[in-house]
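I have a structure here, written as structure tokens, and I will follow up with some questions on it.
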Amino acid sequence: MKIAYYPGCTMKTRAASLELAALEALNVLGVDFTELQRWNCCGAVFSLAEDDLIHHVAPVRNLVRAQQEGCDTVVTICSQCYNTLARANLLVRGDSEKLDTINRFMDEEPDYDGGIEVIHYLTLLRDHVGWDALKSKVVRPLDGLKVAPFYGCTLLRPDEVSIDPLKEGVLEDFLRALGAEPVPFAAATECCGYYQMLAHPEEGMQRAAKVIGSANQAGADALVLSCPLCEYNLGTRQSEVVAMGEQLEPVPTLYFTQLLGIALGLEPDLYRLDLAGPAARDLLVEKNFVAAATV
Amino acid sequence: MDTATVTEVETKTIPIFVMGKKYEVPDTLTIMKALEYAGYQYIRGCGCRGGICGACATVYRKAGDYKIYTGLACQTVVEPEMYLAQIPFYPANRASYDFETLDATPESIFKLYPELFRCVACNACTKVCPMDVEVMDYVSALKRGDIKAAAELSFDCIQCGLCASRCMGEMAQYHIAQLARRLYGGKLAPKAEHLRKMCDDIEAGTFDNAMAEVKTLGEDEMKKIYTEREMEPAMSEEGWTPASSAGLA
């Protein structure tokens, strides 16, 4: 297996805290990978229109890039990029006519042969590293940290690209390997509010409020996320969400890779708590997982 | 035009189509010269005639070929059965900003040019670029906030506007790239320390006396100093230094 890491735009700007620790963790875990030299936006959203092939050009072009670099697997950390790339891959693999049309349109590139597997970072940890191997590298177990594991939509839907088709609880297993305690969390697979937060703020806020309320009920110390858009809706906009809902309490949000970085004892500048909210920093200091001086 | 002169040097003529009308032109001419040969006079769409200014962007097709081709009229030699038109100007809005107060952050660019995010990675811009700039790649770099990469990838852009003419997202890529290069060059790239020091020296009056002395010299003395001055050889090594540091601070 030759792995190409596809970053995605947000990972290089606002969501550096989702990326950096994850990449260093692969080095610690002995996983060989190369970051794609040349890539474009994943396409951001998988187009559902039957005849809208132009919006699949962006994801397929990235698969061509991976192919050009001699890779057979593309791994993403952002769950939205995962969803867009995996679904475009599925579409063209299953429809040779559409693949041919896209290849002919991209006549300046080599043809995509459908040979790339698109996987998510959590899949890589589960299937190629293994939870026991991950656990053996943990130097600072997150004992006593109650975490609400938020999948949102894009890691699980539709079924054909779900990273957890058997519903074994991949995020829960990941958290347990780090020593944290995943709490039963009714809104784990609800929508965070998605782009509706901007287009239709009221509906978006209601979605986000449902997730925050559920995390409160679960008694979670923190809400763990895998997507910069979920972070925007549930983290950046959380004070507005909490203010509008009745009986909502703030809950710190963290990326799953930030917890990974802390548990593996990586350098604090890799898990970038400066990009997390103050509540998340206070929680980690209070639980003694990070030194106050480093945040 | 004296066509007899042309036939004397045995130049073959070929048919080309300018805005749909057929002309026989010598096959050695550039598009620009062929248009002038055919009787057109340039008022716009022509600048340096040296492949640098970007004023003479041309689009053309070839018989029996679906593809659209582009080139600079002053650099591209005519081909038989070429169907062409020049694009002297293509509307493209440039955002106005106060460079001094503009933050060198991706968000500054996003705010001025939000249409950046309309890119669908179709790559038509790159395909059409007569300077072989990877336009779509610099647009991608900007979307991920990499101003340095965008500045470097767009360095050869001559702002002809053909990218904007082909963009599905209707953006004017080259204006966005110009902003990226300005921000990178003006605010992000490391400053040349030796240049700053030299400017300080000049402002501090280090060369005032030497300059005053030069002003008193006659023409012959001036020529002598000029022709005898020490110059860095064209192929000198990295560590070359002048034998004399006279006049340097």
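When the helices in the protein assembly as shown are scored as -39500 (n - 2.57) per DSSP H run of 4 or longer and the sum is shared across all residues, what 222 nm value do you end up with, to the nearest 500 deg cm²/dmol?
So the helix-based figure for the protein assembly as shown works out to -10500 deg cm²/dmol.
How tilted is helix A:79-94 with respect to the longest principal axis of chain A? Cα atoms for both, answer in degrees (0 to 90, nearest 10).
On a 0 to 90 degree scale, this one is about 30.
Moving to a separate point now. The range A:167-295: percent of C-alpha pairs farther apart than 22 Å?
35
Above 23 angstrom, tally the Cα pairs of the range B:119-242 and express them as a % of all pairs, no decimals.
Tail fraction, whole percent: 57.
Quick one: give the max-minus-min coordinate of the C-alpha atoms of the range B:41-107 along each principal axis, largest first, in Å.
Result for the range B:41-107: principal-axis Cα extents of 53, 29, 18 Å.
Another question, then. In degrees, nearest 10, range 0 to 90: what is the angle between the Cα axis of helix A:57-68 and the longest Cα principal axis of chain A?
With both axes taken from Cα atoms, the answer is about 80 degrees.
For the protein assembly as shown, rounded, prolate or oblate, judged on the Cα gyration tensor with a ≥ b ≥ c (square roots of eigenvalues), a/c < 1.5 rounded, else prolate if a/b > b/c?
oblate
Taking neighbour counts of Cβ atoms within 10 Å as a proxy for exposure, in what order, fewest first, do B:Trp240, A:Trp131, A:Trp39 appear?
B:Trp240, A:Trp131, A:Trp39
In the structure shown, do any of B:Lys62/B:Lys127; B:Lys22/B:Lys62; B:Lys21/B:Lys127; B:Lys12/B:Lys62; B:Lys67/B:Lys143 have a Cα-Cα gap over 24 Å, and if so which?
B:Lys21/B:Lys127; B:Lys67/B:Lys143
Another question about this same structure. Calculate how large, on average over all directions, the projected area of the Cα convex hull of the range A:27-110 is; give the answer in nm² to one decimal.
Averaging across all directions leaves 6.0 nm² for the Cα convex hull.
Follow-up. Amide H to amide H, which residues 5 or more places from A:Tyr5 or on other chains are under 5 Å from it, using H placed in the peptide plane?
Hits under the 5 Å cutoff: A:Thr34, A:Glu35, A:Leu36, A:Val75.
Please work through chain A and write down the cysteines that have no neighbouring cysteine Cβ at a distance under 4.7 Å.
A:Cys9, A:Cys41, A:Cys71, A:Cys153, A:Cys191
Around A:Cys9, under 9 Å between beta carbons, what's the net of Lys plus Arg minus Asp minus Glu among the other residues?
Cβ neighbours under 9 Å give a net charge of +3.
While we're looking at this one, here's another question. Cα centroid distance between the range B:136-166 and the range A:66-100, in Å?
25
Could you tell me which residue out of A:Ala180, A:Leu234, A:Gln67 lies farthest along the dipole of chain A toward its positive end? Charges go on the beta carbon: Lys and Arg +1, Asp and Glu -1, centred on the Cα centre.
Ranked along the dipole, the leading option is A:Ala180.
Please list, in order along the range A:149-166, the HN-Hα scalar couplings obtained from phi with the Karplus expression 6.51 cos²θ - 1.76 cosθ + 1.60 (θ = phi - 60°), rounded to whole Hz, x for Gly and Pro.
x, 9, 8, x, 8, 6, 7, 10, 10, x, 3, 4, 10, 4, 7, 9, x, 8
Using Cα-only point scatterers and the Debye equation, what is log10 of I(q)/I(0) for chain A at each q in 0.14 Å⁻¹, rounded to two decimals?
-1.02
Helix A:96-105 versus the longest principal axis of chain A: what is the Cα-based angle in degrees, 0 to 90, to the nearest 10?
Tilt of helix A:96-105: around 80 degrees.
Can you give me the Cα centroid spacing of the range B:173-219 and the range A:253-295 in angstrom?
Rounded to whole Å, the Cα centres lie 45 Å apart.
Residues with amide H under 5 Å of A:Thr253's amide H, sequence separation 5 or more or different chain, H placed in the peptide plane at 1.01 Å from N; which?
A:Leu223, A:Gly277, A:Ala280
What ³J(HN,Hα) values, in whole Hz, does the Karplus curve 6.51 cos²θ - 1.76 cosθ + 1.60 give for the range A:35-41 when θ = phi - 60°, with x put for Gly and Pro?
7, 4, 6, 10, 7, 10, 3
I need to check one value: relative contact order of chain A, counting alpha carbon pairs closer than 8 Å and at least 6 residues apart, in percent.
19
Would chain B count as rounded, prolate or oblate if I go by the C-alpha gyration tensor, calling it rounded below 1.5 in a/c and otherwise prolate when a/b exceeds b/c, oblate otherwise?
Cα axes put chain B in the oblate bin.
Work out from phi, with θ = phi - 60° and the Karplus expression 6.51 cos²θ - 1.76 cosθ + 1.60, the ³J(HN,Hα) of each residue of the range B:99-116, listed in order in whole Hz, and give x for Gly and Pro.
Working through the residues one at a time gives 4, 4, 9, 7, 6, 7, 10, x, 4, 4, 5, 4, 5, 6, 10, x, 5, 3 Hz.
Bear in mind that the values in this text are calculations on the coordinates, not laboratory data. This structure is a prediction, so every number in the text was calculated from the model and none was measured. Here the Cβ is made from the backbone with ideal geometry for all residues, glycine too, and neighbour counts use every protein chain on show.
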